[in-house]
Structures are given as C-alpha cells and as structure tokens.
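The values are calculated or read from the model by the stated rules, or taken from the named source; none is laboratory data. A quick note: this is a predicted structure, and the numbers were derived from the prediction, not measured. All Cβ positions, glycine included, derive from the backbone under ideal geometry; neighbour counts span all protein chains shown.
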Amino acid sequence: MGLSAYFFAKKDQVAPVSIDQQKQKGNDFEDYMIQLLGKQSQIQFVGKVSDYHKNGVSALENYEPDLKFKYNTIPFAVECKWRNSFKNGKTKWAESRQINNYVTYQNTKNEKVYVALGIGGTPNAPETLYLIPLFRLKLEFVTADYIKEFEIKDSSSLMAIIKSGTNRSNSR
C-alpha cells in the first residue's frame with residue numbers, strides 16, 4: 001500500500017528527491033560549468049573536488065569550492081549551485097557553514113571564488129545562469145534583483161566577470 005500511495009500522490013505534492021538524485025543534479029551542473037568555462041580560450045580547467053563522503057568519512061577537499069580553473073595563470077574556484085526557481089523572489093544558495101568554508105578557502109588560498117548559480121531549466125541547461133563573486137554573497141538567501149548584474153547572457157559577459165574578478169584584489 002505504501003508504494004501505491006507514492007505513485008498516486010496528489011498532483012500538487014512533489015515526490016522527495018533522493019540523495020543520489022541531488023548528487024546527480026549537482027554533477028550535471030558542474031559538468032555544464034566545466035564545459036562552459038573550459039571552452040573559453042584563456043581559461044584552463046584544473047580540477048574537480050571529489051565530494052567523497054561515506055560511513056562518516058569525508059575528504060577534506062569537500063569543504064572547498066567544486067571546481068578549480070586558471071584564467072591565464074591566475075587560479076580561481078567556482079562553487080556550483082543549481083535551483084529549480086526563485087521562490088517568493090529569492091532562493092537559498094548555501095548554508096552559513098558552507099559560506100564560511102568558501103570564504104576561508106578564498107582567504108587562505110588567496111584565490112578568487114565565484115558562485116555559479118543556475119536557475120530553472122535543467123542542471124545541464126539552466127534557463128538563467130549567474131556567476132557571482134563570493135564577496136557579494138554574505139547571506140544564505142539571494143534575490144534575482146541583487147545578482148542581476150552577474151547574469152551570464154553570452155561568453156563576453158562571462159569573460160567580463162572573470163576578468164574583473166581576477167584583476168581586482170580589493171574585492172576579497
């Protein structure tokens with residue numbers, strides 16, 4: 001009976017997303033960002049965090065941003081977040097402990113951190129994409145209005161954000 005109740009749930013109820021489904025969506029969005037950034041002529045893909053966690057054992061690198069790149073010779077990192085939509089004009093992009101981890105990484109590694117936020121569509125083809133410098137994201141929630149200047153519309157807007165962030169040390 002429990003199984004049939006799952007398949008015949010009310011239309012307005014959303015079936016819970018499993019950990020494996022969440023991880024797959026995260027991996028799909030990371031792959032999307034690797035392809036998007038890695039195909040830019042001045043950007044090199046350096047690596048991806050393993051996200052290893054099993055039976056209480058986690059890799060230390062799990063506290064770091066998802067992806068590592070170089071713009072020319074300058075390293076930078078990207079934390080990837082995909083969300084279905086903005087709800088009531090905002091979305092939760094991270095927990096406060098995660099934000100603290102990214103800030104610590106940026107400060108100790110002296111490496112610019114960006115947050116790639118995909119909204120809508122699918123993780124491998126988001127409807128809207130933002131690339132936001134971490135220093136702009138101090139809270140767990142963000143509104144579309146607050147980050148609209150970081151929307152990626154084409155490769156020139158993508159490269160403008162990367163260039164301005166990697167050339168500006170006062171924005172840390």
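Within segment 118-143, residues that are in contact (Cβ under 8 Å) with a residue 12 or more places away in the chain and of a type in the set (G, A, S) sit with their Cβ atoms under 7 Å from residues that are part of a strand (DSSP E or B) and buried (at least 20 other Cβ atoms within 10 Å of the Cβ), at 6+ positions apart or across chains, in these pairs: G118/W82; G118/L129. Condition check for N167 on (1) within 14 Å of the chain's Cα centre (by Cα); (2) at pLDDT below 95: one failure, at (1).
So that you can scan it fast, the table gives a plain yes or no per residue for (1) assigned to a helix (DSSP H, G or I); (2) of a type in the set (D, E); (3) in contact with an Asp or Glu (Cβ under 8 Å, 6 or more places away or on another chain); (4) more than 20 Å from Q40 (Cβ to Cβ):
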residue	(1), (2), (3), (4)
V113	no, no, yes, no
L117	no, no, no, no
L131	no, no, no, no
L139	no, no, no, yes
V142	no, no, no, yes
D145	yes, yes, no, yes
M159	yes, no, no, no
K163	yes, no, no, no
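Of everything listed in (1) outside any strand (DSSP E or B); (2) within 20 Å of Y63 (Cβ to Cβ), the single unmet condition for K153 is (2).
Could you say whether any residue in segment 139-146 is of a type in the set (S, T, Y), surrounded by 14 or more Cβ atoms within 10 Å (Cβ to Cβ), over 13 Å from the mean Cα position of the chain (by Cα) and more than 23 Å from D51 (Cα to Cα)? Can you show your working first?
Let us first name the residues in segment 139-146 that are of a type in the set (S, T, Y), namely 143, 146.
Cutting the leftovers down to surrounded by 14 or more Cβ atoms within 10 Å (Cβ to Cβ) gives us 146.
Going one step further and asking which of them are over 13 Å from the mean Cα position of the chain (by Cα), we end up with 146.
Cutting the leftovers down to more than 23 Å from D51 (Cα to Cα) gives us 146.
Within segment 139-146, one or more residues are of a type in the set (S, T, Y), surrounded by 14 or more Cβ atoms within 10 Å (Cβ to Cβ), over 13 Å from the mean Cα position of the chain (by Cα) and more than 23 Å from D51 (Cα to Cα).
Of all residues in segment 16-48, exactly one satisfies the criterion of being under 13 Å from F69 (Cβ atoms), loosely packed, with under 15 Cβ neighbours inside 10 Å and either at pLDDT below 85 or of a type in the set (K, R) (or both), namely K39. Inspection of segment 56-69 identifies no residue that is more than 17 Å from the chain's Cα centre (by Cα) and either within 21 Å of P123 (Cα to Cα) or in contact (Cβ under 8 Å) with a residue 24 or more places away in the chain (or both).
Remark: N62 matches the filter, which requires a residue to be surrounded by fewer than 19 Cβ atoms within 10 Å (Cβ to Cβ), touching a strand residue (DSSP E or B) at 6+ places or on another chain (Cβ under 7 Å) and assigned to a helix (DSSP H, G or I). For segment 36-51, filtering for residues that are more than 15 Å from the chain's Cα centre (by Cα) and touching a residue at least 24 places away in the same chain (Cβ under 8 Å) leaves 7. Total residues in segment 105-125 satisfying the condition of being touching a Gly at 6+ places or on another chain (Cβ under 8 Å) and buried (at least 22 other Cβ atoms within 10 Å of the Cβ): the figure is 2. Scanning segment 66-93 for residues that are within 22 Å of Q21 (Cβ to Cβ), assigned to a loop (DSSP other than H, G, I, E, B) and touching a helix residue (DSSP H, G or I) at 6+ places or on another chain (Cβ under 8 Å) gives D66, F86.
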